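A.B. asks: Right, I'll just put the structure down here and ask away after.
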């Protein structure tokens, strides 16, 4: 089991929780480079840092951090102020909790190797004003085993 095996499991679970209205981001690490003209409800996942943790003999146990990015559009109006921005941000934060609960209960889509999904950390939302899009990133740690 490698990172390239874990990411498809994560993407499958994301697609399941988010539903058909969400589609994958083309550029996950540089969200602002995406075109949001036809679809602003998007998602992506990328592997970040990892570290070895104490485990059992004949297995390598790793804590792998993944960053997930969710996007959604917002509208602005002089009379409503930033109410729609706040509403859409709260919707994304609720989705993060749904995703996290799903990943914990399904062992992140890779139950044969994932030990646990833990350490959820939600970042401050980023507002791409030109595209009228909110990008919300969160990180989580997946503890998994690899047989030696």
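The values are calculated or read from the model by the stated rules, or taken from the named source; none is laboratory data. Please read these numbers as outputs of a predicted model, since none were measured by experiment. Reconstructed Cβ throughout: ideal geometry from the backbone, glycine too, with neighbour counts over all protein chains shown.
A.B. asks: I need the full set of residues from the stretch 105-124 which are surrounded by 18 or more Cβ atoms within 10 Å (Cβ to Cβ), closer than 30 Å to residue 35 by Cβ and either out of contact with any strand residue (DSSP E or B) (no Cβ under 7 Å at 6 or more places or on another chain) or modelled with pLDDT of 95 or more (or both), in order please.
C.D. replies: 109
A.B. asks: Also, quick follow-up: So in the stretch 70-102, with the set limited to residues that are in contact with a helix residue (DSSP H, G or I) (Cβ under 6 Å, 6 or more places away or on another chain) and surrounded by 15 or more Cβ atoms within 10 Å (Cβ to Cβ), which one is farthest from residue 124 (Cα to Cα)? Spell out the reasoning first.
C.D. replies: Looking only at the stretch 70-102, we keep the residues that are in contact with a helix residue (DSSP H, G or I) (Cβ under 6 Å, 6 or more places away or on another chain), and these are 70, 72, 74-75, 98-99, 102.
Those still in the list that are surrounded by 15 or more Cβ atoms within 10 Å (Cβ to Cβ) too: 70, 72, 74, 99, 102.
On the way: 70: 12, 72: 14, 74: 16, 99: 17, 102: 22 Å.
Filtering the stretch 70-102 for residues that are in contact with a helix residue (DSSP H, G or I) (Cβ under 6 Å, 6 or more places away or on another chain) and surrounded by 15 or more Cβ atoms within 10 Å (Cβ to Cβ), the one farthest from residue 124 (Cα to Cα) comes out as 102.
A.B. asks: Of the residues that make up the stretch 42-55, is at least one part of a loop (DSSP other than H, G, I, E, B) and either surrounded by fewer than 16 Cβ atoms within 10 Å (Cβ to Cβ) or at negative phi (or both)?
C.D. replies: Checked against the condition, which is being part of a loop (DSSP other than H, G, I, E, B) and either surrounded by fewer than 16 Cβ atoms within 10 Å (Cβ to Cβ) or at negative phi (or both), the stretch 42-55 yields at least one hit.
A.B. asks: All but one of (1) surrounded by fewer than 17 Cβ atoms within 10 Å (Cβ to Cβ); (2) modelled with pLDDT of 95 or more hold for residue 67; state the number of the condition that does not hold.
C.D. replies: (1)
A.B. asks: Could you go through the stretch 83-97 and let me know if any residue there is in a strand (DSSP E or B), more than 23 Å from residue 19 (Cβ to Cβ) and either free of Cβ contacts under 8 Å to residues at least 12 places away in the same chain or over 15 Å from the mean Cα position of the chain (by Cα) (or both).
C.D. replies: First, the residues of the stretch 83-97 that are in a strand (DSSP E or B): none.
Scanning the stretch 83-97, I find no residue that is in a strand (DSSP E or B), more than 23 Å from residue 19 (Cβ to Cβ) and either free of Cβ contacts under 8 Å to residues at least 12 places away in the same chain or over 15 Å from the mean Cα position of the chain (by Cα) (or both), so the answer is no.
A.B. asks: Among residues belonging to the stretch 1-24 that are assigned to a loop (DSSP other than H, G, I, E, B) and modelled with pLDDT of 95 or more, point out the one that is surrounded by the most Cβ atoms within 10 Å (Cβ to Cβ). If you could, list the steps in order and put the result at the bottom.
C.D. replies: Our first condition is that a residue be assigned to a loop (DSSP other than H, G, I, E, B); within the stretch 1-24, this holds for 1-2, 19-22.
If we keep only those that are modelled with pLDDT of 95 or more too, we end up with 19-22.
On the way: 19: 8, 20: 7, 21: 8, 22: 19.
Looking at the filtered set, the residue picked out is 22.
A.B. asks: Residues of the stretch 25-41 being touching a helix residue (DSSP H, G or I) at 6+ places or on another chain (Cβ under 8 Å) and surrounded by 14 or more Cβ atoms within 10 Å (Cβ to Cβ), which ones?
C.D. replies: 25, 41, listed by residue number.
A.B. asks: Within the stretch 128-144, does at least one residue satisfy the condition of being in a loop (DSSP other than H, G, I, E, B), without any contact (Cβ under 8 Å) to a residue 40 or more places away in the chain and out of contact with any strand residue (DSSP E or B) (no Cβ under 6 Å at 6 or more places or on another chain)?
C.D. replies: Looking through the stretch 128-144, at least one residue is in a loop (DSSP other than H, G, I, E, B), without any contact (Cβ under 8 Å) to a residue 40 or more places away in the chain and out of contact with any strand residue (DSSP E or B) (no Cβ under 6 Å at 6 or more places or on another chain).
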